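Here is the structure we will look at.
What follows draws every value from the coordinates through simple rules; no lab data is involved. If you're wondering where the values come from, they're calculated on a predicted model, not measured in any experiment. Glycine gets a Cβ as well: all are built from the backbone with ideal geometry, and neighbour counts include every protein chain shown.
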Amino acid sequence: MEYRENICHVFLKGQMNYTDALSCQNQLSALRKDNKIPNTLLLLEHPPTYTLGRKSNKAHFQVPKEWIQSKKVAVHQVDRGGEITYHGPGQLIGYPILHLGQEKKQIVLYVRKLEDMLIHCLQLLGVESDRFSQQDRNGRPTGVWLREGKVASIGIKVDKDMISSHGFALNVCTDLNYFKKIIPCGILNKDMVSLQSIGYTNVSLQDASEAIMQSFEKIFGFELIKCDL
């Protein structure tokens with residue numbers, strides 16, 4: 001079956017453990033490489049999980065094993081870019097499985113588009129944000145920031161066939177205490193925030209999902225089609 005280039009299937013998966021989500025991404029990436037599916041976006045939550053990217057500094061993850069076991073937090077070393085971060089309930093995760101074209105420069109442009117998409121999403125929700133904190137205009141870290149701190153993180157993988165996986169995480173009503181156990185994204189002396197923590201208590205995950213889908217269509221130029229996996 002041939003798909004129009006601007007078609008993107010989106011799957012709303014609810015809460016999904018990290019291992020299953022990673023397996024799903026790998027399967028979809030293989031299908032996308034062979035042009036058996038169109039570009040695809042997974043939107044979901046994870047149970048409490050720490051993931052360590054390829055550039056992770058183990059010094060940024062000094063969480064006692066007893067605490068991890070008592071809280072039943074999963075820990076995964078993964079092949080995305082970036083450092084350590086936390087995923088958990090109340091955080092909207094997006095995993096785009098996209099063919100980015102043939103040129104390597106598209107990878108940087110893709111990350112910038114993800115930032116633009118998140119900024120547009122937050123604007124739809126009535127929240128002003130930026131792609132860097134006021135203190136980091138030079139040599140800024142990746143992600144999206146509010147005045148109070150970092151609200152969205154990005155960590156991607158692009159394979160040799162230019163298929164993307166992993167993606168972004170938007171803190172809607174996330175328990176921020178899990179972030180305090182680590183140095184998120186390797187950024188010292190910067191707070192992680194959620195929409196709830198800065199007073200946007202009326203924004204639900206469903207609201208955020210709808211805003212993400214609208215913004216994904218606008219920034220990437222896709223027509224999103226909701227599907228069941």
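Remarks
- Taking a ≥ b ≥ c as the square roots of the Cα gyration tensor eigenvalues, the range 7-226 comes out rounded, since a/c falls below 1.5.
- Packing rank of 59-68, 35-44, where each peptide gets the mean count of other beta carbons within 10 Å, highest leading: 35-44, 59-68
- Fraction of antiparallel bridges per DSSP, the range 7-226 only, in percent to nearest 5: 60
- Cα gyration tensor, the range 140-229 - rounded (a/c under 1.5), prolate or oblate: oblate
- Cα gyration tensor, the range 20-85 - rounded (a/c under 1.5), prolate or oblate: prolate
- When the Cα positions of PHE132, PHE222, VAL108 are compared along the charge dipole of the range 7-226, VAL108 comes out farthest toward the positive end, with charges on each C-beta of Lys, Arg, Asp and Glu.
- Rounded tilt (10° steps) of 18-33 against the dominant C-alpha axis of the chain: 30
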